[in-house]
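What follows is one structure encoded as structure tokens, with my remarks underneath.
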Amino acid sequence: MLYSLMEMGRAAMLPWRAAANVTRRTLRNPLNPAGETLAGRAMAAGADLFESLTRYYGKPEWGLSPVEVDGRPVDVEIQTVWSKPFCNLLHFERDRSALAQARGVDEREINDPKVLLVAPMSGHYATLLRGTVEAFLPDCEVYITDWTDARMVPVMDGRFDLDDYVLYVREMIEAVGESAHVVAVCQPGPPTLAAIALMAEDEDPRRPASMTFMGSPIDSRKSPTVPNKLSEERPYEWFRDNLIHSVPATYPGALRRVYPGFLQLTGFINMNFDRHVDAHYRFFNHLIEGDGDNAEKHRGFYDEYLSVMDLTEEFYLQTIRDVFQEHKLARGLMTVRGRKVRPEAITDIALLTVEGENDDISGIGQTQAAHGLCSNLPDALQMDHVHPKVGHYGVFNGRRFREEIAPMMKAFMARHAVRAARRKAA
């Protein structure tokens, strides 16, 4: 019922949004002298703000082509190389001819490392990692998990739970191929570690060369944050009875039981409500002042931040129970389709953990816990990094990520690529 009411509310706002758009365009018309007055600029800014707050935000575009390599543009084409109902594996395929010219080498000499980014399935689309992809594209063959909005998946395509997530990740690692470098950002840390542990135990020749976990709740008991505490304070039944709703008939996934993205977004906003109010107040002032650069930065961030997707009931509830309430991976109790997950089976896959000093989603120590679980991994294959002055988002995006964290990650991958090649040869 709540989901249907939300859709009705969106529909009811359409005439008002149309009126706001007309007002904005009229007042910004260069032939309208009223648009140059303070009152006119304020009215236009108010209409702009109203439109942005009431708009329906769909899945964002990647907008990555071209990428700059050594000062030269290289076109990027996005290819789907693996697909199932709840996820597509995307490859950001660079124009090899232009790439070779930019580097001054022959195309046959290009042998960049393969990096698989496991994007979060926690409300936002994979495009949230656009900056992460951009940082790796000049030097790597980049792949990313593009999770599907549950409201767009017909009920006839079946269920999708945390165990399915693990098995999807394993299949995608295998699809990328031998000696890949897997990077799990935030939520996918536990299921990605589980997938790699299963591959290691099976001695799968396509197991990765390295695995990196960034701001991930491997063990959310360590330095618990507000979301962690909420997950433990509320009983499992509360999440089941209050946060799960049916998809309305207007979507392909009609009648599927989901955790709606708009509820997840509400939780995110309430965590830092004052900060979001201040950001929109500054946006309003930038519009009045004609500060287009800062206004566009605000739009760019919130166009991504306000684009959310639904999660299946079974995936969301199993994640709440197994990851945040019972801590099954951290306690050695996690199973996938009845098979026990054994991180201690990982002996030859390099491990890097990255945390932010000011992370208010995954506190310090939660990601580091991966080192303790991989108890048979030699010290020479392990590295832990806590980056100063960055929060959760800054761990995988922004200036410090581009200039400091990403180069460190690439160097780590390069060190262990040679060892992985020797393993392959053996």
**OP:** Considering each of Leu90, Leu53 in turn, give the residue that is in contact with an Asp or Glu (Cβ under 6 Å, 6 or more places away or on another chain) and in contact (Cβ under 8 Å) with a residue 24 or more places away in the chain.
**Re:** Leu90
Subject >> First in the stretch 194-215 and part of a strand (DSSP E or B), second anywhere and small (Gly, Ala, Ser), Cβ under 6 Å, 6 or more apart >> reply: Ser210/Ala350; Phe213/Ala184; Phe213/Gly189; Phe213/Ala370
Original post:
Yes or no: Ser65 assigned to a helix (DSSP H, G or I) and of a type in the set (Ser, Thr, Tyr)?
Top reply: no
**OP:** Go through the stretch 265-297 residue by residue and tally those that are closer than 28 Å to Ser231 by Cα and among the basic types (Lys, Arg).
**Re:** 1
Original post:
Restricting the search to the stretch 111-149, which residues are part of a loop (DSSP other than H, G, I, E, B) and without any contact (Cβ under 8 Å) to a residue 60 or more places away in the chain?
Top reply: Asn111, Asp112
**OP:** Among the numbered conditions (1) closer than 20 Å to Asp163 by Cβ; (2) surrounded by fewer than 21 Cβ atoms within 10 Å (Cβ to Cβ); (3) of a type in the set (D, E, K, R), tell me where Arg207 comes up short.
**Re:** (2)
Original post:
Of the residues that sit in the stretch 357-398 and are small (Gly, Ala, Ser), under 18 Å from Val323 (Cα atoms) and within 19 Å of the chain's Cα centre (by Cα), which one is surrounded by the fewest Cβ atoms within 10 Å (Cβ to Cβ)?
Top reply: Gly363
**OP:** Would you tally the residues in the stretch 150-170 being buried (at least 21 other Cβ atoms within 10 Å of the Cβ) and outside any helix (DSSP H, G or I)?
**Re:** 2
Original post:
Which of (1) under 21 Å from Val115 (Cα atoms); (2) in contact with a strand residue (DSSP E or B) (Cβ under 6 Å, 6 or more places away or on another chain) does Asp163 not meet, given it meets every other one?
Top reply: (1)
Subject >> Single residue of the stretch 154-196 satisfying the filter (more than 18 Å from the chain's Cα centre (by Cα) and of a type in the set (Val, Ile, Thr)) that is farthest from Arg415 (Cα to Cα) >> reply: Val155
Original post:
Can you name the number of the only condition in (1) in a helix (DSSP H, G or I); (2) touching a Cys at 6+ places or on another chain (Cβ under 9 Å) that Thr347 fails?
Top reply: (1)
**OP:** Would you mind telling me which numbered condition in (1) outside the structural domain of Asp146 (by TED's automatic domain parsing); (2) surrounded by fewer than 20 Cβ atoms within 10 Å (Cβ to Cβ) Gly338 fails?
**Re:** (1)
Original post:
When the residues of the stretch 319-335 are filtered to those that are in contact with a Phe, Trp or Tyr (Cβ under 9 Å, 6 or more places away or on another chain) and either within 15 Å of Met121 (Cβ to Cβ) or of a type outside the set (D, E, K, R) (or both), which remaining residue is surrounded by the fewest Cβ atoms within 10 Å (Cβ to Cβ)?
Top reply: Gln325
Original post:
If you go through the stretch 303-344 one residue at a time, how many are outside any helix (DSSP H, G or I), in contact with a strand residue (DSSP E or B) (Cβ under 9 Å, 6 or more places away or on another chain) and either without any contact (Cβ under 8 Å) to a residue 60 or more places away in the chain or closer than 18 Å to Arg234 by Cα (or both)?
Top reply: 3
Original post:
Under the condition of being in contact with a Lys or Arg (Cβ under 8 Å, 6 or more places away or on another chain) and part of a loop (DSSP other than H, G, I, E, B), which residue from the stretch 220-247 is surrounded by the most Cβ atoms within 10 Å (Cβ to Cβ)?
Top reply: Val247
Original post:
Given the structure, is Ile196 in the same structural domain as Arg342 (by TED's automatic domain parsing), β-branched (Val, Ile, Thr) and more than 16 Å from Gly372 (Cα to Cα)?
Top reply: no
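Which one of these is buried (at least 19 other Cβ atoms within 10 Å of the Cβ), among the aromatic types (Phe, Trp, Tyr) and within 19 Å of Gly267 (Cα to Cα): Tyr305, Tyr316?
Working: Tyr305 fails: buried (at least 19 other Cβ atoms within 10 Å of the Cβ).
Residue meeting the stated conditions: Tyr316.
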**OP:** Starting from residues that are free of Cβ contacts under 8 Å to residues at least 24 places away in the same chain and charged (D, E, K, R), keep the ones in the stretch 1-39 and report whichever is surrounded by the most Cβ atoms within 10 Å (Cβ to Cβ).
**Re:** Arg28
**OP:** Search the stretch 40-59 for residues being assigned to a helix (DSSP H, G or I) and of a type in the set (Gly, Ala, Ser), and hand back the single one that is surrounded by the fewest Cβ atoms within 10 Å (Cβ to Cβ).
**Re:** Ala42
**OP:** Can you tell me which residue within the stretch 60-77, out of those that are under 22 Å from the mean Cα position of the chain (by Cα) and surrounded by fewer than 16 Cβ atoms within 10 Å (Cβ to Cβ), is modelled with the highest pLDDT?
**Re:** Glu77
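The values are calculated or read from the model by the stated rules, or taken from the named source; none is laboratory data. These numbers were taken from a predicted model, which means no experiment stands behind them. Every residue, glycine as well, gets a Cβ built from its backbone with ideal geometry; the counts of neighbours run over all protein chains shown.
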